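The values are calculated or read from the model by the stated rules, or taken from the named source; none is laboratory data. On a predicted model such as this, the values are computed, not experimentally measured, just so you know. Cβ coordinates were reconstructed from backbone atoms using ideal geometry, including for glycine residues, and neighbour counts include every protein chain displayed. We work out accessible area using only protein heavy atoms, side chains counted, and drop any ligands, DNA or RNA first. Shrake-Rupley method; radii C 1.70, N 1.55, O 1.52, S 1.80 Å.
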Amino acid sequence: FSRPGAQVAAQYYNFLRLGFEGYRRVQQSCRDVATRLDGEIAKLGPFRLLTDGGELPVFACTLHEDIAGYSVFDVSAGLREGGWLVPAYTFPANRTDLAALRIVIRNGFSHDMSDMLLTDLTGLLARLAKQAQPARGSEAASFAHGAGSGPHPGPGPGSDQAPSAGRQPGRPNR
């Protein structure tokens, strides 16, 4: 094997400890948070859902075409200022015209945390609405598609993995 197996061993341990039903409950809880959060984000107005969190606890959204004062990259950067890791990226070669935000709900991301994210996002949207044009474009993407894109800054030095939604290490929880 070319990669360490500690994560696989830890996942196997969790599956043995929780059992099938326990693991199903954990994943259902994550999906419940994801579907509630995607619905609330859609209600904010500027976002159009590309996927929902119904099958997997992850969803993607983009901005409606009539939003011209800011980009998904501005939203991602603004949320990062508050400690949230919500990557924005453009799609691969056949859809580079589409840029999206991706939110991954991990175990432990509660409804309370989703409320905090919504509060921060609502405040950020009010601030971004005052911009005349986007401050960031696709060069600010926090994810890169394809093997030829090289290492891209992510959760660790030289990492090519995009971070998940959540607080950055070392940031105080509110």
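Yes or no: Phe59 among the aromatic types (Phe, Trp, Tyr) and in a helix (DSSP H, G or I)?
Details: among the aromatic types (Phe, Trp, Tyr): yes; in a helix (DSSP H, G or I): no.
For Phe59, the condition - among the aromatic types (Phe, Trp, Tyr) and in a helix (DSSP H, G or I) - is not met.
Do the conditions hold for Val8, that is, is it of a type in the set (A, V, I, L, M) and touching a helix residue (DSSP H, G or I) at 6+ places or on another chain (Cβ under 7 Å)? Walk me through how you get there before you give the answer.
Values: of a type in the set (A, V, I, L, M): yes; touching a helix residue (DSSP H, G or I) at 6+ places or on another chain (Cβ under 7 Å): no.
For Val8, the condition - of a type in the set (A, V, I, L, M) and touching a helix residue (DSSP H, G or I) at 6+ places or on another chain (Cβ under 7 Å) - is not met.
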Just one of (1) surrounded by fewer than 16 Cβ atoms within 10 Å (Cβ to Cβ); (2) assigned to a loop (DSSP other than H, G, I, E, B) trips up Tyr70, so point out which.
(1)
In the stretch 100-120, what residues are buried (at least 20 other Cβ atoms within 10 Å of the Cβ) and farther than 24 Å from Gln28 by Cα?
Ala100
Restricting the search to the stretch 1-19, which residues are open to solvent by 70 Å² or more (accessible area, probe 1.4 Å), part of a loop (DSSP other than H, G, I, E, B) and not hydrophobic (A, V, I, L, M, F, W, C)?
Ser2, Arg3, Pro4
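Among the residues of the stretch 48-99, which ones are of a type in the set (Asp, Glu) and over 19 Å from Cys30 (Cβ atoms)? Talk me through it step by step, then tell me what you get.
Residues of the stretch 48-99 of a type in the set (Asp, Glu): 52, 55, 65-66, 74, 81, 97.
Within the stretch 48-99, Glu65, Asp66, Asp74, Glu81, Asp97 qualify.
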Residue tally, condition part of a strand (DSSP E or B) and farther than 12 Å from Cys61 by Cβ, over the stretch 76-101:
3
Top-ranked residue of the stretch 32-43 - restricted to ones that are surrounded by fewer than 18 Cβ atoms within 10 Å (Cβ to Cβ) and not acidic (Asp, Glu), ranked as farthest from the chain's Cα centre (by Cα):
Lys43
